[in-house]
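Each remark here refers to the structure printed beneath this line.
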Amino acid sequence: MRTFYSLTKRQFLGMIKFNKFLYGNSKEKKVFAYTFFAIGLTVIILSFCWFRMVFQICMTFQYPQEIFNYLLKPFVVVSIFMTFLSALIKGSGILYLDKSIDLLFSYPIKIKTIVLSKLSYIYIWNVGISFLLLSVPLLCYDSLQKGNILFYIVDFLQVFLIPLVPTLLGVLLGNVLYRRLGNLFRVGSYSKSILYLVSFTVFFAFMIFFFRYVDFSTLLKGAIAKFDFFNETEKGLLFSHNYKSLIFFAISILVGIILSAYVIQTYKKNCAKVQLYSEKSKCIKMSYKKHEKVSALFRRELKRYFSTPVYLLNTMLGIVSLVLLTIYSCLKIDTVTIYLKLIGMSFKVENTSILLAFVIGLLIILSNVTYASISIEGKQRELLKSYPISIRELLLAKYLFHLSLTVPMIFICATLLGIVCRMNVSEYCLLFLLPTVFSVFVGALGLLINLVFPNYEWENVTYIVKQSISAIITILLGVLIVGGSLWIVLYFFHTHILFASYILAVLFVLLTMLIGILLKKASKTF
């Protein structure tokens, strides 16, 4: 047990880089302290805003079954998807791409202990995701039922079991997509990236439509103000407070044990195969053509992005979610409209179609490739500086590549959403303008932060994409600034939300111009 605890603790210390604070020099300790404080404060603020918003939505319901159908079921779907995606992206790398795995094998440690410590780290992280999504609606759901304390305990135990199977499936599928399918198609890293992207897109779409047609059969049959039919709705396995909850417990634990045993049994063999495949995949045939400098740098960014699966997956979440939202809205616009009305009721917003521009904006800032585009140069940085290429041209190519991923997708999705929602001209323009401005802003912000906090000494690209200071600060700061601005508009300007949204877009344009000025100074450090 002590060995298991030490290995699990090592995983968490490696994630937060706490060893720099313990053993680093004074400068590293100071940077870590400031960064940790900023990140912790941002997480607290965002969590408070999230819990407050969900609680306000829960207060609009009068019956527990309303919360069950409108909040708990959709949030369970999102929780399953996010935990599966988290394990798919980072789980396989943590288990099979650990640089120190050979050293661990040389120690007198059981394989089972090594595997369970890594799986526990991934599982605890995913439990945190599920708890963040489900805790508030679950508390309101149980309080409206006026049950005893046993109901609370049983329901929150189910929250701990929801991520179990998706986590293990994500780890296993991530290993398959990295190694076996790449060997099958033999077309380099591009196929792996596309296969990764298609796999979690299909999984998310399947979960949405499965829950929509199988478990949501009576959802949203009447108007938003009429909920009489909810009292007769039969619940599924989750949060049922009867024998079905015991069935869910038994199935989850049994499947979890079987999958964990399989991972432990095949761990050494899969580690060897992954290392062998990594060596083979280094042999890539390259073809060269003559282009203008910015065009050549743009193509270079394009090839590197789609040949790095972990880079693609970590920055495609927003775009994929936006595409799925658009498809779902085209098929079930009435359902989407009612959810927008629920949010609008919490903030007393009458023109709820404007909220769709906010949703697109929040999704699109999750797809930002610039926060790692400077650090990813690594040891090639000195080689780039020897070329007849200015830092302005390099940054411009990286920035244009970011916009080429987001702006066309905003244009396509906004066009379809505007048509199905029957928006007027001013709302239609805002649907294009606001998400585009947010994308322009976070792209410039990512470049600036990556220039201020670069890391050119990385050994594995996974680190700079997932765990670097630049990645964490950019994501949290982008969500805090954009999300905070939208919350201010909703809370203080809900009666003139359209006009305030246009003003907000202008302010973000000015803020982006300010970041552009700061980029000129920060680029001297490259």
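The values are calculated or read from the model by the stated rules, or taken from the named source; none is laboratory data. Treat the numbers as computed from the prediction; the structure is a model and nothing was measured. For neighbour counting, all protein chains shown are included, and Cβ atoms are generated from backbone atoms with ideal geometry for every residue, glycine included. Each accessible area value is taken on the protein alone, full model and side chains, heavy atoms only, with ligands, DNA and RNA left out. Shrake-Rupley method; radii C 1.70, N 1.55, O 1.52, S 1.80 Å.
Ordered by packing density, taken as the mean number of other Cβ atoms within 10 Å over each peptide's residues, highest first, how do 320-333, 44-57 rank?
By packing density, highest mean first, the sequence is 320-333, 44-57.
Roughly what would the spin-label model give for residue 62 and residue 507, points 7 Å off Cα along C-beta, in nm?
Label-label distance for residue 62 and residue 507, simple model: 3.8 nm.
What distance in nm separates the two pseudo spin-label positions at residue 479 and residue 110, each 7 Å out from Cα along the beta-carbon direction?
3.7 nm
What full-extension length gain, to one decimal in nm, is calculated for residue 30 and residue 514 as 0.36 nm per residue of separation minus the Cα-Cα distance? Intermediate results must be reported in sequence, preceding the final value.
Details: separation 484, 0.36 × 484 = 174.24 nm, distance 2.70 nm.
The span from residue 30 to residue 514 would gain 171.5 nm if fully extended.
Calculate the FRET efficiency for residue 419 and residue 345 from the Cβ-Cβ distance with a Förster distance of 25 Å, rounded to the nearest 0.05.
0.50
Report the accessible area of residue 334, computed with a 1.4 Å probe over the heavy atoms of all protein chains in place, in Å² rounded to the nearest 10.
Accessible area of residue 334: about 110 Å².
Calculate, in nm to one decimal, what residue 525 and residue 499 gain on full extension: separation in residues at 0.36 nm each, minus their alpha carbon distance.
Taking residue 525 through residue 499 to full extension adds about 5.3 nm, to one decimal.
Could you calculate the FRET efficiency of residue 41 with residue 135 from 1/(1 + (r/R0)^6), where r is the beta carbon distance between them and R0 is 25 Å, rounded to 0.05?
0.75
Could you provide, to the nearest whole Å², the per residue accessible area of the stretch 371-526 with probe 1.4 Å?
Result: 47 Å² of accessible area for each residue.
Using a 10 Å cut-off on Cβ atoms, rank the peptides 103-109, 83-89 from the highest mean neighbour count down.
83-89, 103-109
What spacing in nm lies between the two simple spin-label points modelled at residue 456 and residue 385, each 7 Å away from Cα in the Cβ direction?
0.5 nm
Rounded, prolate or oblate, given the Cα gyration tensor of the stretch 307-427, with a/c below 1.5 counting as rounded? Working shown, then result.
Values: a/c = 3.01, a/b = 2.71, b/c = 1.11.
In terms of gyration-tensor shape, prolate.
How large, in percent, is the carbon and sulfur part of the accessible surface of the stretch 346-484 at a probe radius of 1.4 Å?
68 percent
May I ask you to derive the FRET efficiency for residue 102 and residue 3 from their Cβ-Cβ distance with R0 = 22 Å, giving the value to the nearest 0.05?
Here the calculated transfer efficiency is 0.80.
Of the peptides 490-501, 66-77, how do they stack up when ordered by the mean number of other Cβ atoms within 10 Å, highest first? Working shown, then result.
On the way: 490-501: 15.9, 66-77: 21.9.
Packing order, densest peptide first, comes out as 66-77, 490-501.
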